[in-house]
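Read through the structure below, which is laid out as structure tokens, and then see the notes.
The values are calculated or read from the model by the stated rules, or taken from the named source; none is laboratory data. Computed from a predicted structure; not experimentally measured. Glycine gets a Cβ as well: all are built from the backbone with ideal geometry, and neighbour counts include every protein chain shown.
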Amino acid sequence: MKKLAFVLAAAGLMSVAACHKTDQAAAVDNAGDNAAAALDNQGDQLSAAADNASNSATANSLDNASDAAHNSADAVKADASNKADAIDNAAK
């Protein structure tokens, strides 16, 4: 699930980067923020499910998945920021 979400987020970033908008860097940054927010929400849902789990093995597994989703969100946001910086630098 984590890999699928990351691939979808990356595809969204690439499609936004391919657009010829007046402020591509801002668009890439916004897309990264939106993708990161979606992954953070997924992590929050997994964490809530872990809190409601009936046994510790399931709770631990859900907590790990939650941490992975939050880490992916951070990575997507950083990647988008780096791409936005590269766009800004290329425009100079």
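Scanning region 31-65 for residues that are more than 30 Å from residue 82 (Cα to Cα) and of a type outside the set (A, V, I, L, M) gives 51, 52, 54, 55, 56, 58, 60, 61. Pairs meeting the criteria (first residue in region 24-41 and part of a helix (DSSP H, G or I), second residue among the polar types (S, T, N, Q), beta carbons under 8 Å, at least 6 apart or on different chains) are 29/81; 32/81; 39/72. Residue check: residue 39 meets all listed conditions (1) loosely packed, with under 13 Cβ neighbours inside 10 Å; (2) of a type in the set (A, V, I, L, M); (3) at pLDDT 90 or above but one, namely (1).
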